[in-house]
Amino acid sequence: MKNGLGLIFATVLACGGSSGENLNTAMNGTWGGPATLTLSGESPQSFSGAVQVAVSGQNATFSGICLDGTGSVVAHGSGNSASWSGSFACPAIAFTGCSSVVLTFQSASATLNGSTMNAQGAGNAAGCSISKGFTVSIAGTKQ
């Protein structure tokens, strides 16, 4: 769970943005810091997360969005904000007593605020005959 959260961010980001203005290239790099995963009806779980961001024009590729450190999505935006919506399924992982949980992201957003990248993602977690909504968030600083 340490590496992926880019999950979210990328998790995190592919719709939106105004015409004309590009994304801030200061978003480029690896962002890491405290992250929180919350499954619907469960207590939040804190961990250290990280996500890699590569900006090109109005597109930002967020890599390492899954809890196992894999996966990427392309978000769109302008200035200091990018967002994504769609469907991205991460590889199954063992999680809280279940041997195979799949997190499927359905939306994500990220905003650069000074020296902090705030990113959030949301979707559905399914495994062991259970399906619940989830949110994941990170407040990262450049590594």
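If you plug each phi of region 125-139 into the Karplus form 6.51 cos²θ - 1.76 cosθ + 1.60 with θ = phi - 60°, what whole-Hz ³J(HN,Hα) values come out, in order, with x for Gly and Pro?
Karplus values, whole Hz, x for Gly and Pro: 10, 9, x, 6, 6, 10, 9, 9, x, 9, 10, 9, 9, 9, 10.
If you plug each phi of region 117-124 into the Karplus form 6.51 cos²θ - 1.76 cosθ + 1.60 with θ = phi - 60°, what whole-Hz ³J(HN,Hα) values come out, in order, with x for Gly and Pro?
Result, ordered by residue: 9, 9, 10, 9, x, 8, x, 10 Hz.
Quick check: from the Cα gyration tensor, does the chain come out rounded (a/c under 1.5), prolate or oblate?
Here the chain falls in the prolate category.
Can you work out the accessible area per residue across the chain, with the rest of the protein chains kept in place, probe 1.4 Å, in square angstrom?
Per-residue value: 43 Å².
State the percentage of accessible surface on the chain attributable to carbon and sulfur atoms; use a 1.4 Å probe and exclude ligands, DNA and RNA.
49
Expressed as a whole number of Å, what is the distance separating the alpha-carbon centroids of region 74-143 and region 25-68?
For region 25-68 versus region 74-143, the Cα centre distance is 7 Å.
Could you give the nm distance between label points at SER46 and GLU21, where each point is 7 Å from its Cα heading toward the beta carbon?
3.4
Under a 10 Å cutoff between Cα atoms, tell me which one of GLY77, GLY49, GLY41 has the largest fluctuation in the Gaussian network model of the chain.
The residue with the greatest mean-square fluctuation here is GLY41.
The values are calculated or read from the model by the stated rules, or taken from the named source; none is laboratory data. Just so you know, these numbers come straight off a predicted model, no measurement behind them. Here Cβ is always computed from backbone atoms with ideal geometry, including for glycine, and neighbour counts include all displayed protein chains. These area figures cover heavy atoms from the full protein model, side chains too; ligands, DNA and RNA do not enter into them. Shrake-Rupley method; radii C 1.70, N 1.55, O 1.52, S 1.80 Å.
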